[in-house]
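Step one of this worksheet: look at the structure below.
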Amino acid sequence: MIQLLGGTGACDLQTDGLELAKALAQKLGARCGVLEAPLIVQSKSLKDLLVQEPRISRVLKKAEEVDIALVGIGSNYYETSALVRAGFLSREESQHLLSRGVVGDICGRQIDIDGNVCELDINQRVIGIELDKLSKIPEVIGVAAGIQKAEAILGTVRGRYVNVLVTDEETSMRILSLHKETQWDKSAK
C-alpha cells in the first residue's frame, strides 16, 4: 500500500491520508508506504523542494506504479470540506471557489464540474500524485457520498480521474440530474 497524497494532519484524523492508509494496510495485513509531507504547503517553491526529498520522491514514484488506487472526492461546500476542516481553506475561500465554479477536489487538486483542473495557486502547492499520473493507474476507485459532493463527483467522473465510483443512491441520482442539467445548458448555448 502506498499513500498517494500528503496528510491533513492532526486537525482531521478521519480524513488524514496517513491515518487512512495505515488503517487500511492494517486491515489487509499489508505494509504501508507513507508520504511524510502535508497535503498542501505554503508555496510552490517549498513543494518543489519537498518532492525532491528522497523519502518523499520514492513514495510518489511508487504511487505511480500501483495497479489500484482508492481516492476520496472532496467538495468545496464548507460544511463537508475536508480542506476546510483541516485548515487548508477558510470558509470564505471555499465559498469563493464555489462562486468561481470550482466544485471540489480529487487528490487535493481543485476541479470544475467538467473535470478541468482549475488554474489556482493552491493546486501548485499540493504534495501528492499528479492527476495525469492518477489517470494512468488501471483501476481508480473514487469514494464519496452526500448531495453536496455531487458536483465534485460529476467533475471527477467527467475528468476521467476514476473508473469506479462508490457512492449512495441519493447522491447518484443527484449526479445524474446534474449531468442532464449541465449537458442541456451546453447545448442551449
| query | Which ³J(HN,Hα) values, rounded to whole Hz and listed in residue order, are derived for segment 39-50 from phi using the Karplus coefficients 6.51, -1.76 and 1.60 in 6.51 cos²θ - 1.76 cosθ + 1.60 with θ = phi - 60°, glycine and proline given as x? | reply | 5, 10, 10, 6, 8, 5, 5, 5, 4, 4, 5, 5
| query | To the nearest 10 degrees, how steeply does helix 17-28 sit against the main Cα axis of the chain, on a 0 to 90 scale? | reply | 80
| task | Sort 128-139, 20-31 for me by packing, meaning the mean count of neighbouring Cβ atoms within 10 Å per residue, highest on top. | result | 128-139, 20-31
| In degrees from 0 to 90, rounded to the nearest 10, what is the angle of the helix 54-63 Cα long axis to the longest principal axis of the chain? | 50
| note | Straight-line reach check, LYS47, cutoff 19 Å on alpha carbons, 8 or more apart in-chain or any other chain, hits among aspartates and glutamates -> ASP16, GLU36, GLU64, ASP105, GLU119, ASP121, GLU130, ASP132
| request: Enumerate the amide H contacts of GLY33 below 5 Å, restricted to partners 5 or more residues apart or on another chain; note that Pro and chain-start residues carry no placed amide H. | output: ILE2, GLN3
| request: Please find, in a Gaussian network model of the chain (springs between Cα atoms separated by less than 10 Å), the residue of ARG174, ARG109, ARG100 whose mean-square fluctuation is greatest. | output: ARG100
| said: On a full-extension model of 0.36 nm per residue, what is the gain between GLN183 and ILE147, subtracting their alpha-carbon distance, rounded to one decimal in nm? | reply: 11.1 nm
| query | Which distance in nm do the two modelled labels at SER43 and ALA23 give, with both placed 7 Å along the Cα-to-Cβ direction? | reply | 3.6
| Taking 0.36 nm per intervening residue step and subtracting the Cα-Cα distance, what contour gain separates GLN95 from GLU53 on full extension? | 11.7 nm
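Values quoted throughout were computed directly from the atomic coordinates according to the rules given, and no laboratory measurement underlies them. No experiment lies behind these values; they were computed from the predicted model shown. Backbone-built Cβ (ideal geometry, glycine too); neighbour counts: all protein chains shown.
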